[in-house]
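Comments concern the structure below.
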Amino acid sequence: MSIRGNDKWGSGAFGASRGSRPHLGVDLVVEPGEYVYAPFDMKIERISYPYSNSPYMGLAFSTNNSGYMYDGRIWYFNPLPGVIGTNVTKGEVIGVSQDLTNKYPGITNHVHLQLQGSNLTGHDYIVYKNKIYLDPTKLI
């Protein structure tokens, strides 16, 4: 999976400008209707929404890497039925990607992946609104 490059809506890179704030995750390029795979082993906690009053959704999850726990979100896909509350392994199908061009004409379709945690060793990170966001690309 590749990280979304520049399009008319900006860049999908970690830390890219979003006007008055940084991009807190990475955007992984997908085609609408494509399967979305778990980027690493994780426990699916619940449905998560990037915006209120929007058809876009995804999942909130937790993951353990080298003994450290991280919380995360992956958005812009329809989760598979029955996935909530399960443990999934890296590469397992977790849903089907949505089409973002209805809201953002000209955008490269993608899923958004972000992580929060406190172990900063070996990570690029951003502190935003008193939370630590880690660049997830090294864990994928």
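Rule-based calculations on the coordinates, nothing more; no lab input. Computed from a predicted structure; not experimentally measured. Virtual Cβ from ideal backbone geometry, glycine too; neighbours counted across all protein chains shown.
Between P55, P81, P39, the residue with the greatest mean-square fluctuation in the GNM of the chain (Cα pairs under 10 Å linked by springs) is P81. Working from label points 7 Å from Cα in the Cα-to-Cβ sense, the R46 to E31 distance is 3.5 nm. Please check: in the Gaussian network model of the chain (C-alpha springs, under 10 Å), which one of R73, R18, R46 has the largest mean-square fluctuation. Answer for the Gaussian network model of the chain: R18.
Pick out, from Y51, I84, H123, the residue whose Cα sits farthest towards the positive end of the charge dipole of the range 36-140, with +1 on the Cβ of Lys and Arg and -1 on the Cβ of Asp and Glu. Farthest towards the positive pole: Y51.
What you get for the range 1-120, charging only the Cβ of Lys and Arg (+1) and of Asp and Glu (-1), is a dipole of about 340 debye around the Cα centre. The relative contact order of the range 26-138, computed from alpha carbon pairs under 8 Å that lie at least 6 residues apart in sequence, is 30 percent. P(r) for the chain, from all Cα pairs and a bin width of 5 Å, is 2, 10, 20, 24, 22, 15, 6, 1, 0 %, short bins first. Between L120 and Y104, full extension at 0.36 nm per residue minus the direct alpha carbon distance yields a gain of 2.5 nm. Mean-square fluctuations from a GNM of the chain, with a 10 angstrom spring cutoff on Cα atoms, peak among F61, F40, F14 at F40.
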